[in-house]
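Derivation of every value follows stated rules applied to the coordinates shown; laboratory data play no part. Remember, predicted model here, so these are calculated numbers, not experimental data. Note that each Cβ is placed from the backbone with ideal geometry, even for glycine, and that neighbours are counted across all protein chains shown.
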Amino acid sequence: MTSRLVAGVDSSTQSTKVVVCDAETGEVVRTARASHPDGTSVHPKRWWEAFEEATADGLLDGVEAISVGGQQHGMVTLDEFDEVVRDALLWNDVRSADDAHELVGEFGGQQAWVDAVDVVPVAAFTVSKVRWLARHEPENAARVRTVVLPHDWLTGQILKTGGGFEGWTSDRGDASGTGYWSPVTGEYVEELQNLALGRTFEVPRVLGPNGRAGVTEAGMVVAAGTGDNMGAALGLGLQPGDVVVSLGTSGTVFACHEAVTGDTSGQIAGFASADGGHLPLMCTLNAARVLTAGASMLGVDLDELSRLALGAPIGAQGLTLLPYLDGERTPDLPEATGTLGGITRANATPANLARACVEGMLANLVAGVEGLKAHGIEAKRIVLIGGASASPAVQAVAPILFGVPVSIPAAGEYVGIGAARQAAWALLGGDEPPQWRVAYEKELVASPEDIEAGAAVYERYRTLQQTMHG
Ligand SMILES: Nc1ncnc2c1ncn2[C@@H]1O[C@H](COP(=O)(O)OP(=O)(O)O)[C@@H](O)[C@H]1O
Ligand SMILES: O=C(CO)[C@@H](O)[C@H](O)COP(=O)(O)O
């Protein structure tokens, strides 16, 4: 019997990846990728070009359904003809930091935001970017009819190109990252849209977890799609007690949860998941690129950085990196820069610097796991994904710093796989997505002594953070 094929797209910060899977089993049949330009603002057509490049040469032949997982929060502004008004501002663009702070105050503070949408906006969120546009580019703002997210725009583009476009759509997961959609009521909060732009604007229709955005003229079902982290959660088939740490351009820490978290500190964003539940999440601006920056400082490649880091002891002989190289989102320090603390003549070695990069990047995310635990979310094991999870040094340090077993799934693009699973759900129907098996490649466990030493590393990181940023 020939298998039915579905495709999942991961349009993330640095690249587009497409996976084609067997709809019943999830077995990956083919994959492709294409790069995005660097920068924190980009014209959406660059994502479309990357999608076309990745799907050239018949990658989608025989595919019956497709779904797009995309980088969260990016503001795509459209005029009355659905033309893009200006380059999209991406999640990692911090120019809207002051706008976020103003919005928090104007709406009555953190508690009021959490009550309305279960997030406290920072620069990353769409709502803050819309306010920035209103303040800084009033002519562009006046032309805006609709605001959509990267995955919404790509989903619409697939349908506009293939025939079958019936209006802009989104899903619960990605909509919850706008800052003007409530995961509690399942509705947009018009008051917050008004507050951001000074008037209301059109927003995509939010589809249910197995909803269809449309069907192309060739008969391909286009599923709702979702945010990239929500896609990964769907691709990994998480169990209670699993906390995901993703090391891509962003560092994220998240878990599936049944209820809203209501975190007024702003550390844990109360996002929705792609399957109808919730996905409390902490996000940092600095993850895989901390290692690239470290490698470039040392004049080595990523493999050598890893080898060097593995040659240094736990704690890098007292060298501590606060890795706020691109500013930081959590904690909310958009203007921050990195700090290398505790440097002495004795510890100033390439190996210690490499180790401090790995430890600093991971310590920043340990804070997220602690934040989830404070909301009653268990962390029995860490599921480590994203580009930098391939680094042997990261794999060695992670169980030491997180202090619980770390599982590495078999090499794969889990955002794309999750999107493909959502496509299969939209194709096959049913109350639940099809059961796909996830193969785990490694279970990494540290000794109690190493975990104790790791806790001391985290404490030193916290002390340096307090010293530098209060
Ligand atoms: N072996 C490795 N060691 C360290 N970093 C790596 C390794 N392989 C890939 N990366 C990094 O992973 C990042 C890409 O990860 P990815 O999860 O695809 O990011 P994104 O989804 O944000 O586009 C790049 O910054 C790349 O340098
Ligand atoms: O803003 C967030 C999460 O809230 C980021 O996680 C983006 O969704 C980008 O993801 P990557 O490109 O790093 O995967």
Worksheet item: Kyte-Doolittle mean at least 0.0 and Cα extent at least 30 Å along the axis: which DSSP H helices of the chain qualify?
Response: 350-374
Item to complete: Once you have all Cα-Cα distances for the chain, histogram them in 20 Å bins from zero and send the whole-percent values.
Response: 26, 57, 16, 0
Worksheet item: If you look at just the Cα atoms of the range 187-319, how large are its Rg and its Dmax in Å?
Response: 20.3, 62
Worksheet item: Relative to the present Cα-Cα distance, how much length would full extension add between Glu443 and Arg4 at 0.36 nm per residue of separation?
Response: 154.8 nm
Worksheet, complete the sentence: Honestly the range 45-132 on the Cα gyration tensor test (a ≥ b ≥ c root eigenvalues; a/c under 1.5 rounded, otherwise a/b vs b/c for prolate or oblate) is just prolate
Worksheet item: Using the alpha-carbon centroid of each, what span in Å lies between the range 42-90 and the range 97-148?
Response: 23 Å
Worksheet item: Of the trypsin sites (Lys or Arg not before Pro) in the range 332-402, which ones lie in a loop per DSSP and count no more than 14 other C-beta atoms within 10 Å?
Response: Arg345, Lys380
Worksheet item: the range 198-227 to the range 253-300: how many Å between their Cα centroids?
Response: 25 Å
Practice prompt. Pull up the DSSP beta bridges for the chain and report the antiparallel fraction as a percent, rounded to 5.
Written response: 65 percent
Worksheet item: In the chain, what is the count of Lys pairs whose alpha carbons are under 20 Å apart, counting only pairs at least 8 residues apart or on separate chains?
Response: 4
Practice prompt. Starting from the Cα-Cα distance between Asn194 and Asn140, subtract it from 0.36 nm times their residue separation and give me the gain in nm to one decimal.
Written response: 17.8 nm
Worksheet item: For the chain, the longest stretch holding no GluC sites (Glu not before Pro) located in a DSSP loop with at most 13 other Cβ atoms within 10 Å is which?
Response: 379-470
Worksheet item: Expressed in whole Å with the largest first, what are the equivalent ellipsoid semi-axes of the range 392-470 derived from the C-alpha gyration tensor as the square root of 5 times each eigenvalue?
Response: 37, 17, 10
Response to the item:
Under the helix-only model (-39500 (n - 2.57) for each DSSP H run of 4 or more, divided by the residues of the chain), the mean residue ellipticity at 222 nm, to 500 deg cm²/dmol, is -11500 deg cm²/dmol
Worksheet item: Taking the C-alpha atoms of the range 85-188, how large are the radius of gyration and the largest Cα-Cα span, Dmax, in Å?
Response: 14.5, 45
